[in-house]
Amino acid sequence: MSYTVIRPPFTLKFREMSERELEDYRERFLGVLSARRGELQEAVRLSPGFESWTGDRSLPALETLGHWLAGQVETRPRADDEIDMIKERGRFDILGFGRVPLNPVRIAVTFCQGIATGKQSGGRLKELYDYWSRSASAVEAN
């Protein structure tokens, strides 16, 4: 079994979505989260060497998930229109706290790009969790 990539029935061009569309997306995302977590657990456990993974939200489970994910990531060349769209968007730094919300999907995509290019290892997922956890704790303390 391979993990099925979810394909929402609407655009994923978040910058172009209205506030209502973004709210609908959020509701749909949260609504399928439990089922998606179960599908992920099944896909991981069917992979050789990961049969006992529990997905129990512990730090060791997260670290193991990072190593599993490192063996799953693939890339494809971007089409010219995709490259043009990226260039049009320009640079947008995700700060994570304060006036700009944390974007965990973007963080995961960036992590996967690092895996695919060989710049990061599976252990980086736990490092990312630790970093953002500390950052969130620092903001809450202020």
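The values are calculated or read from the model by the stated rules, or taken from the named source; none is laboratory data. Note that the coordinates shown come from a computational prediction; the quantities given were computed from them, not determined experimentally. Quick reminder, even Gly has a Cβ in these numbers, built from the backbone with ideal geometry, and neighbours come from all protein chains shown.
Tabulated data for the structure shown
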quantity: Matching residues, the range 121-137, being without any contact (Cβ under 8 Å) to a residue 40 or more places away in the chain and closer than 11 Å to GLY66 by Cα; calculated: GLU127, LEU128
quantity: Scan of the range 103-142 for residues that are aliphatic (A, V, I, L, M) and either surrounded by 14 or more Cβ atoms within 10 Å (Cβ to Cβ) or modelled with pLDDT of 85 or more (or both), ordered by number; calculated: ILE107, ALA108, VAL109, ILE115, ALA116, LEU125, LEU128
quantity: Condition check for ARG45: surrounded by 13 or more Cβ atoms within 10 Å (Cβ to Cβ) and farther than 29 Å from ILE86 by Cβ; calculated: yes
quantity: Selection status of SER34, exposed (fewer than 10 other Cβ atoms within 10 Å of the Cβ), within 22 Å of ALA70 (Cβ to Cβ) and either in contact with a His (Cβ under 6 Å, 6 or more places away or on another chain) or not charged (D, E, K, R) (or both); calculated: no
quantity: Residue that is touching a residue at least 60 places away in the same chain (Cβ under 8 Å) and more than 15 Å from the chain's Cα centre (by Cα), where the choices are LEU59, LEU22; calculated: LEU59
